[in-house]
Amino acid sequence: MTNTHLQELIAPWFEKVPDADFLSSITAIAIGVVSLLLLYLFTRRLMLPGIQKIVTKLSPERIGALSPILNKLNKRIAGMLCCVLFLATFDSVYPVNEIAGEILKTIGQALLIIYGGFIFSSIVSIAGTIYNQLEFAREVPIQGLIQVVKLITFIVCAILIVSIFLEKSPTYILSGFGAIAAVTLLVFKDTILGFVASIQIAANRLVTYGDWIQVDNYGADGEVIDLGLNTVKVRNWDNTITTIPTYMLVAGSFKNWRGMQDSGGRRIKRSLNIDMHSICLVGDEFRKQINAAIPLHEFIRVSTLPNPVSNLGLFRRYAEGYLKQHSKINTSLTLMVRELQPLNHGLPIEFYCFSEDKRWISYEHLQAEIMDHLLAVLPVFGLRAYQSVSGQLSPSNTQQADKPTFKVTANSAEKDPQQ
């Protein structure tokens, strides 16, 4: 056991006491340990929190949100200062033999590297949190890049610690990586793919926090709540969480509804199948009957109607005019009512427009309101909606269904078996 400077200073205190060397050694070690504890408490409880309070007053909103990360940083800085003090005063304070001294110094150096790595990780986290407070952070997320920086930091720390324990240069450790490169690529395959995907996602702004995405292969349909290096978390509309590998957003395909949310409306694209047996030409008398139920001039420019015109043509023009006058439809975007290819289940009439309110519930209510109204006015134009019928029709109903003539009243148009 070697005598230290501190032990020599306190040795006169124990001249008349048996085992003076042992007691002076124990006292020197106790003074060193107590000094480390006092330094930790001073920096952790007084100095660093005081600095944090002063800095927080400069910007309470932004820096105040960093309090949890700053508290971790304070602990790590206090621990690193204790390691620095321990290594700097070891030869002068701690009287131990050479083997114990080497072991304690090695442990102190390893702890210093670990605290240094954690401090750098906290600084990166603080930088990322500050970046996320900026306006354009939602468009260009950097969570994946932050995780990569942290991963590289811990890998470097691990290499330095191994080199300290082996008493070899870090370059000697790095030279051995060539032999295990294949294993490293296999183990970190998802991490490497995720890193490349994170760069592409950030550069091309494919997806960001709060986006509504739909990935059918993984059953994901909801809001992005986390963009990590390896995984992307999506909160589905049923409040379940779906985890998707980050690289799959680049390797595969997904639907991002951000364009709809940023646009002027949400598309309504619904069709109504018309029974083709109910389509017929409309004469003046029939048009007057329709006008008695619906004022067509408020929805249709009568002067532009062809002569003769079909009841389906009148219905299409009425439906388009109805949509144009609807208060919840964005008329600055595409709006039309068109016929699709006739099929074995009727002639589809498609209503194509955009809702001003893009919220899901309001959007669904608006779709239902439009379809309810247009289905209700079909009989006024002498039209029938096509639907499959289960079971057999009675002979009377079959005969009535074959007749295309209608009796129109102010409220509805009914089939007239007398005509």
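The values are calculated or read from the model by the stated rules, or taken from the named source; none is laboratory data. What you see is a predicted model; the values in this text were computed from it and never measured. Neighbour counts are summed over all protein chains in view; Cβ atoms, including those assigned to glycine, are modelled from backbone coordinates with ideal geometry.
Among the residues in the range 130-139, are any under 29 Å from GLY210 (Cβ atoms), assigned to a helix (DSSP H, G or I) and touching a residue at least 40 places away in the same chain (Cβ under 8 Å)? Yes, because at least one residue in the range 130-139 is under 29 Å from GLY210 (Cβ atoms), assigned to a helix (DSSP H, G or I) and touching a residue at least 40 places away in the same chain (Cβ under 8 Å). I'd like to check something: does the range 75-88 contain any residue that is at pLDDT 85 or above and surrounded by fewer than 13 Cβ atoms within 10 Å (Cβ to Cβ)? Checking the range 75-88: at least one residue is at pLDDT 85 or above and surrounded by fewer than 13 Cβ atoms within 10 Å (Cβ to Cβ). Residues that are among the hydroxyl-bearing types (Ser, Thr, Tyr) and closer than 28 Å to SER362 by Cβ do occur in the range 263-280.
Scan TYR318, TYR352 and give me the residue that is crowded, with 19+ Cβ neighbours inside 10 Å and assigned by TED's automatic domain parsing to the domain that holds ILE279.
TYR318
Let's see how each residue does on (1) closer than 28 Å to SER122 by Cβ; (2) in a loop (DSSP other than H, G, I, E, B); (3) not assigned by TED's automatic domain parsing to the domain that holds GLY128:
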| residue | (1), (2), (3) |
| --- | --- |
| PRO18 | no, yes, no |
| ASP21 | no, no, no |
| GLY50 | yes, no, no |
| VAL55 | yes, no, no |
| CYS82 | yes, no, no |
| ASP91 | no, no, no |
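Of the set (1) surrounded by 17 or more Cβ atoms within 10 Å (Cβ to Cβ); (2) assigned to a helix (DSSP H, G or I); (3) not acidic (Asp, Glu), all apply to ILE107 but (1). When the criteria are applied in full, LEU366 fails the requirement of being farther than 27 Å from GLY283 by Cβ and modelled with pLDDT under 90.
Conditions first: (1) of a type in the set (Ser, Thr, Tyr); (2) within 16 Å of the chain's Cα centre (by Cα); (3) more than 30 Å from ARG359 (Cβ to Cβ). THR191 passes all but one, so which condition is the exception? All conditions are met except number (2).
When residues in the range 301-329 are screened for being without any contact (Cβ under 8 Å) to a residue 40 or more places away in the chain and part of a loop (DSSP other than H, G, I, E, B), 8 of them pass. Just to be sure before I move on: is ASN97 on the phi < 0 side of the Ramachandran plot, loosely packed, with under 15 Cβ neighbours inside 10 Å and at pLDDT below 90 in the structure I sent? Answer is yes for this residue. Flag: LEU312 matches the condition of being buried (at least 18 other Cβ atoms within 10 Å of the Cβ) and within 24 Å of ALA368 (Cα to Cα). Considering only residues in the range 232-250 that are farther than 20 Å from ARG266 by Cβ and loosely packed, with under 15 Cβ neighbours inside 10 Å, the one that is farthest from the chain's Cα centre (by Cα) turns out to be ASP238.
To keep it simple, each residue is scored yes or no on (1) out of contact with any helix residue (DSSP H, G or I) (no Cβ under 9 Å at 6 or more places or on another chain); (2) closer than 19 Å to LEU85 by Cα; (3) of a type outside the set (A, V, I, L, M).
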{"residue": "LEU6", "(1), (2), (3)": "no, yes, no"}
{"residue": "ILE10", "(1), (2), (3)": "no, no, no"}
{"residue": "TRP13", "(1), (2), (3)": "no, no, yes"}
{"residue": "ASP19", "(1), (2), (3)": "yes, no, yes"}
{"residue": "GLY32", "(1), (2), (3)": "no, yes, yes"}
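For the range 162-177, the count of residues that are at pLDDT 80 or above, of a type in the set (Phe, Trp, Tyr) and part of a helix (DSSP H, G or I) is at least one.
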